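The values are calculated or read from the model by the stated rules, or taken from the named source; none is laboratory data. On a predicted model such as this, the values are computed, not experimentally measured, just so you know. Positions of Cβ are generated from backbone atoms using ideal geometry, with glycine treated the same way; all protein chains shown enter the neighbour counts. Heavy atoms of the whole protein, side chains included, go into the accessibility calculation; ligands, DNA and RNA do not. Shrake-Rupley method; radii C 1.70, N 1.55, O 1.52, S 1.80 Å.
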Amino acid sequence: MEKYIMALDQGTTSSRTILFDRQGNMIAQENCEFKQIFPKPGWVEHNPEEIWNTQLSTMRQVLEKAGIDGKQIEAIGITNQRETTVVWDKTTGKPVYNAIVWQCRRTSDLIDRMIKDGCRETICEKTGLVPDAYFSGTKIQWILEHTDISADRVKDLLFGTIDTWLMWKLSGGKIHATDYTNASRTMLFNIHTLEWDSELLSLMQIPKSMLPKVQASSGIFGYTKKELFGTEIPISGVAGDQQAALFGQCCFEKGDVKNTYGTGCFLLMNTGNVPVRSKNGLVTTIAASTGAVEYALEGSVFVAGAAIQWLRDEMKMIATAPESEQAALQVEDTGGVYVVPAFTGLGAPYWKQNARGMVTGLTRGTGREQFIRATLESLAYQTHDVLRAMEHDANLSIQKIKADGGASKNRLLMQFQADITGAQVVRPAVIETTGLGAAYLAGLAVGYWSSKEDIIKNSSIEAVFEPKMEKAAAEEKLKGWKQAVRCALLYAGDDE
Ligand code: ADP
């Protein structure tokens, strides 16, 4: 009887289930979108029950599609949208509030207050993060402060990120756990001692009794309840989405880097067993690993593929995202035009919230294709800036970028990325690296795969892009980009 690993990829807009075989091939996958709830400007919520129901239905659909039953699932791996926060009552199993999503800004004043009280350094030092409403800590604090919970009921409350919530549901309330990677995004977890931090908990007035048990990403967390799939299936791999992708890309060595080109870009670099503190606006986070704990540096670009959507939906310059490549290929270069898509400010390494988009270098001859090409190239320039920051922080030079995500299908972008960074860009055959990473973590824990070497053998490269541009030409282009970024910063009131 053929056996498979089932990966649950619970994302921000949809719940997905993917079935992998021993060679790492995708056998079946199902996807189900769910409702985004925006109660006020800047607020984002999900209904936890809907998250669970959509996830469960995709699991059932995948089994049906593949024509197999639960007994053929060797193990389950879970990867999830990170930081999103659920609080529920363990006696009723019911959430006390909607899930507060990572994008939600409602707790920024709580963060401002903590920073004013001088807590920035403590938080950075202990958690590796920059204090921000993005992380789970103040979201839990907000739920406790704003829902009508009597003092004697607080002891019945449980907190979880989405991995924890799904495991609780899958096990019928038996598992209340998370893994190091998800814990490291809560702003409550000490990444050096690998424990919930009492000082941070009291700072945010969160009782320790709410928090899940934390364990390594690869290992048995518990079992699904029998009623769901007719058998108890082990849940043996858990990691936040970006860390799962890092693992799925086989970035097992210190200095290995992956970049996911989606709506935004997420760059992660494995830094080995030692956490590296950034001096350039990156965050330190725990990476998924099978042995001793490993760390990663992480930098994000807010607007990447979203700039291509903007060309399509607002500028109406293209009908589909892939069309951006055909248009850009019509011209040799942008003719000196740069687009800085700082629509929501600039992230790492600039961190300028009120920067806004900028187009520089327009001439009478600038045409549609050059504009499109400049927008596409902005993904590569922004990635370049984060990469250089990583190199400085980790004190090493990056020779290779492992790419995935929707926009990594764009060959022109991949080639330009190699040209501008001088690093090789490698695209794997399976770009569903998030689900694959979760499957690998789960499969390694139960002996479905015997070692990381076993997995490396599986991973096949679909395309390699070698840097071809002269270094001087790349430098010249980067000079123009830096100037354009300076304009965006000047606009934001930077009077340098
Ligand atoms: P997410 O998981 O963030 O929703 P995906 O990995 O599915 O994102 O990638 C979708 C993004 O990639 C969209 O923003 C889209 O504009 C962009 N995209 C998809 N295909 C291409 C392409 N061929 N060239 C450029 N951008 C693309």
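Only Cα pairs under 8 Å and at least 6 apart count here; give the relative contact order of the chain as a rounded whole percent. Working shown, then result.
Values: 1106 pairs, mean separation 72.2, N = 496.
Relative contact order, the chain: 15 percent.
Considering the Cα positions of the chain, please state its Rg to one decimal place and its Dmax as a whole number of Å.
For the chain, the Cα-based Rg and Dmax read 22.4, 71 Å.
Pull up all non-local amide H partners of ASP179: gap of 5 or more, or a different chain, and H-to-H distance under 5 Å with H placed in the peptide plane.
Answer set, sorted by chain and number: GLN215.
Indicate the gyration tensor shape class of the range 278-377 (rounded, prolate or oblate), computed on the Cα atoms with a ≥ b ≥ c the square roots of the eigenvalues: a/c under 1.5 is rounded; otherwise a/b larger than b/c is prolate and the rest oblate.
Values: a/c = 2.69, a/b = 1.96, b/c = 1.38.
In terms of gyration-tensor shape, prolate.
About the Cα centre of the range 1-72, what is the dipole size in debye to 20, counting +1 per Lys and Arg Cβ and -1 per Asp and Glu Cβ, all else neutral?
Working: 8 positive and 10 negative charges, 18 e Å.
Roughly 80 debye, rounded to the nearest 20.
Amide H to amide H, which residues 5 or more places from GLY172 or on other chains are under 5 Å from it, using H placed in the peptide plane?
Here the answer is LYS225, since their amide H atoms fall under 5 Å of that of GLY172.
Mind running the shape call on the range 132-229? Use the C-alpha gyration tensor, a ≥ b ≥ c as the square roots of the eigenvalues: rounded below 1.5 for a/c, prolate if a/b tops b/c, oblate otherwise. The partial results should precede the final answer.
Details: a/c = 2.14, a/b = 1.28, b/c = 1.67.
Oblate, because a/c is 1.5 or more while a/b does not exceed b/c.
Suppose accessible area is computed on protein heavy atoms with a 1.4 Å probe; arrange GLU145, GLU64 from highest to lowest. Spell out each step's value before the answer.
Details: GLU145 90, GLU64 150 Å².
From most exposed to least exposed: GLU64, GLU145.
Provide the solvent-accessible area of PHE38, counting protein heavy atoms only and rolling a 1.4 Å probe, rounded to the nearest 10 Å².
Rounded to the nearest 10, that gives 140 Å².
What is the angle, in °, between the Cα long axis of helix 433-445 and the longest principal axis of the Cα atoms in the chain? Nearest 10 is fine, range 0 to 90.
40
In degrees from 0 to 90, rounded to the nearest 10, what is the angle of the helix 411-421 Cα long axis to the longest principal axis of the chain?
80
Using a 1.4 Å probe on the protein heavy atoms only, what accessible surface does ILE206 show? Give it in Å² to the nearest 10.
Rounded to the nearest 10, the figure is 10 Å².
Hey, what do the phi angles of the range 158-167 turn into as Karplus ³J(HN,Hα) couplings, whole Hz, using 6.51/-1.76/1.60 and θ = phi - 60°, x for Gly and Pro?
Listing the rounded values in order: 10, 10, x, 7, 5, 4, 5, 4, 5, 5 Hz.
In degrees between 0 and 90, to the nearest 10, how far off the longest principal axis of the chain does helix 368-394 point, with axes built from Cα atoms?
It works out to around 60 degrees.
Could you please state, rounded to a whole Å, how far the C-alpha centre of the range 454-477 is from the C-alpha centre of the range 1-46?
29
When the Karplus curve 6.51 cos²θ - 1.76 cosθ + 1.60 is applied with θ = phi - 60°, which whole-Hz ³J(HN,Hα) does each residue of the range 287-292 get, with x for Gly and Pro?
Values per residue, Gly and Pro as x: 8, 6, 8, 9, x, 4 Hz.
Can you pull out the trypsin sites (Lys or Arg not before Pro) in the range 19-81 that DSSP calls coil and that have at most 15 other Cβ atoms within 10 Å?
On the way: sites: ARG22, LYS35, ARG60, LYS65, LYS71; in loops: ARG22, LYS35.
Passing sites in the range 19-81 are ARG22, LYS35.
For the range 322-343 and the range 182-207, what is the separation of their Cα centres, given in Å?
44
Quick query: amide H of TYR97 versus all other amide H atoms, modeled in the peptide plane; which residues come in under 5 Å with a sequence gap of 5 or more or a different chain?
Long-range HN contacts for TYR97: VAL87.
Compare LYS225, LYS468, LYS409 by solvent-accessible area with a 1.4 Å probe and give them largest first, with all protein chains kept in place. Mind dumping the intermediate values first?
Details: LYS225 70, LYS468 160, LYS409 130 Å².
Largest to smallest exposure gives the sequence LYS468, LYS409, LYS225.
Give the separation of the Cα centroids, the range 67-118 to the range 242-261, in Å.
The range 67-118 and the range 242-261 have Cα centres spaced 23 Å from each other.
With the Cα gyration tensor of the range 190-283 giving a ≥ b ≥ c as the square roots of its eigenvalues, does the rule (a/c under 1.5 for rounded; else a/b larger than b/c for prolate; else oblate) give rounded, prolate or oblate? Numbers along the way, then the final one.
Numbers: a/c = 2.09, a/b = 1.18, b/c = 1.78.
Oblate shape, in that a/c is at least 1.5 and b/c is the bigger or equal ratio.
If you place +1 on the Cβ of every Lys and Arg, -1 on the Cβ of every Asp and Glu, and leave all else neutral, what size is the dipole of the range 412-496 about its Cα centre, to the nearest 20 Debye? Please report the intermediate quantities before stating the final value.
Numbers: 9 positive and 12 negative charges, 26 e Å.
Around 120 debye, computed over the range 412-496.
When only the heavy atoms of the protein chains count and the probe is 1.4 Å, how do THR290, THR17 rank by accessible area, highest first?
Values: THR290 60, THR17 0 Å².
Descending accessible area places them as THR290, THR17.
Explain nothing, just the number: dipole magnitude of the chain about its Cα centre with +1 on each Lys and Arg Cβ and -1 on each Asp and Glu Cβ, in debye rounded to the nearest 20.
Values: 52 positive and 59 negative charges, 44 e Å.
Here the chain has a charge dipole of around 220 debye.
Rounded to the nearest 10 Å², what accessible area does LYS477 show when all protein chains are kept and the probe is 1.4 Å?
So the heavy atoms of LYS477 present about 50 Å² to solvent.
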